[in-house]
Every structure is written in C-alpha cells, then in structure tokens.
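Scroll down for the structure; my scribbles are underneath it.
Laboratory data are not the source of any read-out in this text; all were calculated from the coordinates shown. Worth saying up front: this structure is predicted, and the values here are computed from it rather than measured. Cβ coordinates were reconstructed from backbone atoms using ideal geometry, including for glycine residues, and neighbour counts include every protein chain displayed.
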Amino acid sequence: MAVFLLDKPLFLHILTQLRDIKTDQIMFRKGMVRLGRLIGYEIANHLDFDIVKVVTPLGVEAKGVVIKDLDNIMIVNVLRAATPLVEGLLKAFPAAKQGVVAASRREMESSSPPTEMEVEITYMKIPKISKNDIAIIADPMIATASTMMRILGMVSQLQPKRIIIASVIASEYGITKIRNKYPDVDIFTVSIDPEINNRGYIVPGLGDAGDRSFG
Ligand code: HSX
C-alpha cells in the first residue's frame, strides 16, 4: 500500500480553511468540492498510461499520453460527509460510476480514545463493476478506520483492479489499521493527524465533516 500525502501549498491552503472553526457551511462545502477535484487529478496522475502518437492539424505526428483507466472508475460515496468531495472527484472523472453507502458510527464519550467503533450501514448501492475497474472510496475523514474497514470488506469482494481511498484527513492509527489488513490499497490524503480523542474524533481534525457541510 502506498500513502500519497498531498501536502502541496494549494491543498494545505484549502485544508486550513476547512479546519478553521470560523469557516461557514457554504465555504466549507465549497472547499471540500475543490479538494475533491484536486485529489482526483492527483489520483489520475498515478493511473497507468500508454504512450501514443496522434496526428495534429498540421499533418505532423506528436507523441502523447492516454490514461486508459480514466473511464474505468467507480467512486463510492460514503454518505453523507463525502458528498461534496465526490462532487469534486466527478470533475476529474466525469465518466465515473457512483456507488453510495450510508454509514454512521455510534459515537459516545469513553475514558480513552476508541480503537474500534460500532458502524451501522443502513443503505448500500454499488453499481456492477468489471475486473478492469478501479474503485475510489471517498470519505473525508478516517479516524479509527472502523467505517473504512467495513466498506473495504464489501468493495474488495467485487475484485476491482485497484482500490484507492480518497480522504482529506486520516489518523496515523487508521492508516496503520488499513495497511495491516489491505496492503494493496492506496490512500490519497491531504493530512495525517496524530491523535484521536475520547469521542473518536481526529485531533486537530476539522470537526464533523458531515455537520459542517450540511448542518
Ligand atoms: C465520519 O466518521 C467520517 O465521515 C467517516 O465516515 C467516519 C470516520 O470514522 P472512523 O470510522 O474512521 O472512526 O462520519
């Protein structure tokens, strides 16, 4: 598994707005959409490509690149927090199929940071994919990775060619958990935050991404 840390200034500029408690709902959602688009382009830069030749209107051959898998993408939208992120990803992959999973954690205060949380999945619809398809699972936050492990369990059964996670903030703990069980999955994330608090929130994090996007 490779972890792609997207820490170039534009990513961090948008992330800083998202972290800021003063950022309102509209700006938060817009920031997520922008990050989704940028993360999508970064993912596209790490897909297989062929070197091809085309003929220009000048009747001359030019060497070029074709990314074959741009049209073989299936994005999983982990409701509801991932919705604006997916909106951005779809700008990078306009031909993508889209699955949705409604997942929610049972959150409660404990005496120490949880390592596992109960996750309820109330709805799931994943389109048919072929063995040539690439699955991108979009969830802006990976804390204990309890949610992502459930979704990886379902998506890996479909045997896509490759599974990629598109996230904004992942905890160190969550990444390690995913890496141990799914060594072939790639994670694209803008930040790796060090801590999880007693309620299972990433620290410093950005709060509850679903609440901040949708109220
Ligand atoms: C939030 O909790 C996020 O959007 C994820 O779906 C989930 C992450 O928490 P965890 O399952 O990694 O602890 O609603």
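General remarks:
- Of the residues making up region 131-143, those that are assigned to a loop (DSSP other than H, G, I, E, B) and touching a residue at least 40 places away in the same chain (Cβ under 8 Å) are ASN132, ASP133, ASP139, PRO140, ALA143.
- Qualifying positions in region 167-214 - of a type in the set (Asp, Glu) and either assigned to a strand (DSSP E or B) or more than 10 Å from the ligand (Cβ to nearest atom) (or both): GLU172, ASP184, ASP186, ASP193, GLU195
- Only one of the listed residues (ALA103, ALA81, ALA96) is touching a residue at least 40 places away in the same chain (Cβ under 8 Å) and more than 15 Å from the ligand (Cβ to nearest atom). That residue is ALA96.
- Condition met for GLU116 (part of a loop (DSSP other than H, G, I, E, B) and in contact with a helix residue (DSSP H, G or I) (Cβ under 9 Å, 6 or more places away or on another chain)): yes
- Among the residues listed as ALA62, ALA2, ALA44, the single one being exposed (fewer than 14 other Cβ atoms within 10 Å of the Cβ) and within 22 Å of the chain's Cα centre (by Cα): ALA2
Conditions tested, residue by residue: (1) surrounded by fewer than 19 Cβ atoms within 10 Å (Cβ to Cβ); (2) closer than 27 Å to ASP48 by Cβ; (3) under 13 Å from the mean Cα position of the chain (by Cα).
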residue	(1), (2), (3)
ALA82	no, yes, yes
ALA96	no, yes, no
SER156	yes, yes, no
PRO160	no, yes, no
ILE175	no, yes, yes
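- Candidate set from region 177-202 (those that are in contact with a strand residue (DSSP E or B) (Cβ under 8 Å, 6 or more places away or on another chain) and exposed (fewer than 13 other Cβ atoms within 10 Å of the Cβ)); member that is farthest from GLN157 (Cα to Cα): PRO194
- First in region 144-157 and near the ligand (Cβ under 8 Å from one of its atoms), second anywhere and basic (Lys, Arg), Cβ under 6 Å, 6 or more apart: ALA145/LYS177
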